[in-house]
Every structure is written in structure tokens, then in C-alpha cells.
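Have a look at the structure below, then the notes.
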């Protein structure tokens, strides 16, 4: 099975501090903007655990807030639903548009007081914020992604959370931050990397404009983004906190939304690169953002019969066939180059050698171009990526 070196390294790193959880993201509201209650969350968690053909146990959830929708600081009812379904929780603390996280802390403390170890034992970590740094970046502002928060604010909120729970049952949970991959490669955000126990990365090749973002190239784009993230975070564990491909919606540069493409992305990225290798929270089980024309849910109306086959059956055979095909192509190319460069005519030999050199340089440049794009994006240059969700508490 083909896995990039950096992904393998990332999987090893997270293996020392976390299981390779599988789950989905879950916002605080439904598609009509009404609040979710315990029954809504419970239905999601039961569907996730009962998905037919799933390549693992999807028994974890990533939340965006501790606060029940439209309340001041009531604990989100997802907590009780998680207890009743034995669902592991990656907590979320909403960190944009505020100068403190007091209400988030209050809601979580109330929940821990009420449920005790039943809740505490399910908590696998917490993300202080979600794509806040992206929303303050050039790209985030250009895409009108909403109010964000800068690195100094996120660092202070991380300190506030640690202080608030230092003597509690969750004092030892890993504290992280979730953001887009190009945020993590931007050196101005290094203080956040230094402050966290793990890095959560959101990556959507679908939104990567001008980078060849067709479904056929999506796996390669994901690899480059993930590798760049791991290279930038100094050995911190990297969790994949959002990724997916829409089954319906507008064409985004070369990316087309369709059920077939959503399935291919699941297999190319989920099956080959993530599931069982690193904590992964797929986007998503149920769509809940009415403002986004792109829909990502893997299930229709929370049916346990998914929109497409979720199994990873045949992945290794497909990879072996792909590898053999690539080897044959490379062999034919090398043979042709050797034949041409072996001409007895000096000028022809020189010409063919120049052509071969030019071809090699062009190929290398194609690979380097993507690397340069990632580097440029990471240093604050104008980015064509619009991978940020920036649409409130549900991510997309």
C-alpha cells in the first residue's frame, strides 16, 4: 500500500499519544439553523457506528463548541448522547469573535460536574479554535470567510483552558488547534505550534484552485499538503480533523462534485492514506450549513446505508496494478530515451540529449511547482487555496 513517508511518520507520532480514532465532524445546529438536541446527536452517533461497509469503527466525533446552541453556557447535548452511545469526543472551543473563552469553559465544567467520569473518560482531546488563523489570513479575508483570531489570541486561550482544567479529570488530555494546512506552514503562526500538544489539519484538495485539483490528482495534492504540515510542526502529532469531497455542488476549477468522485476521494485519501494510520475526522456524516452549495455527507438522512461503498476492499490490488502500470510507463520512456541518445550522428546525439535534459527538467519543475506553491502560501504570499471552512460552528 502506497503511503507517503511523512504520513507514516505522522502516524507513528500520533501513535504515542492517541489511538487512530475514526469519526465525523458535528456542528451545533441543523441545516435550517435550528439547534441540535440530544436525540439529533444520538442519531448521528448511532448512524456513524452502524454504517454498512465502513472500513473501521467510526465511534468518535469532533465538536466545534461545548455550548448548546442558542444558550449562554449550557453544556452541549452532544455530551449526553456520546455517553449513551460510547462515542469518543474531540472537544471544540469556539475561539473567534470573542476576547475570552469563559463561557466555553463554564459549559464544560458544568458538564463534567454533572456527568463526571462518564464524560471525562470519553474525551480524547480538545481543539482551541477552528480555522481562526485561516480566517485572518489573506486568503480567508479574500474569501470573506468570517471573523477569525490571530496567533497571540489562540495562544492565550490555550493557556486559559489549561489553567481552568489543570486540577480536573481532564488535566492530561492533549490540547491542540485546528486550522488549514497552509496556516501551519506560515512561520508567523509558530507560537501556536509551540503551545499545542497536537496539530489538527483541515485539507480539501477540492478547493485548491490552479493546482490541478481534478479528482485524479486529489491524492497527490493531499499528500503534499499533509507532508508540508508535518515538516512545519516540529514533530508535533498531526491529526486530520477535516477532509472530504462533495457529492453535489459547483465545479471548482478542475474539481467536480459527484457521488463517484466522493467515493474515489474516500478510497484514494481515506483508505490509502488515513484510516488506521492517524486520527481522522471525515467531513462529514450530515450536512448542516445551508449557505454552502457543496454537500459532503456520506449518508442521506442518516441512513446506515451510505451514499457510496465505504469499504476499502481491493485497495492493495488497485495500488499494485497502478504501481505496475507506472513502472511499465517509466520503462518504456527510459528505453525510448536510451535508443534516441544512442544515435551515431553527433548532432543528433547532442539534440536528443538536450531534449532528454529538457524533459527531465520540466518534470522536476512540475513537482517543484507544487512545493513552491506550498512554501509561498506558507510564508504569507497570495494563495489560491480556499480550503478554509469559516462558516460558523459546523465547519462547512
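Provide the FRET efficiency to the nearest 0.05 for the residue 102-residue 46 pair, computing r from the beta carbons and using R0 = 22 Å.
For R0 = 22 Å, the calculated efficiency reads 0.10.
Once the piece of chain linking residue 118 and residue 301 is laid out straight, how much longer is it, given 0.36 nm per residue of separation minus the C-alpha distance between them?
Net length gain for the segment: 63.0 nm.
Relative to the present Cα-Cα distance, how much length would full extension add between residue 220 and residue 70 at 0.36 nm per residue of separation?
Going from the current span to full extension adds 49.9 nm.
Please work out the C-alpha center-to-center distance from the stretch 234-312 to the stretch 167-191 and express it in whole Å.
23
Can you compute the modelled spin-label distance between residue 209 and residue 159, with each label point 7 Å from Cα toward Cβ, in nm?
Rounded to a tenth, the inter-label distance reads 3.8 nm.
Between residue 260 and residue 141, with labels modelled 7 Å along Cα→Cβ, what's the label distance in nm to one decimal, could you check?
4.2
Read the figures in this text as sums done on the coordinates, not as results from a lab. Note that the structure is predicted; figures quoted are calculated from it, not measured. So basically every Cβ, Gly included, is an ideal-geometry build from the backbone, and we count neighbours across all protein chains shown.
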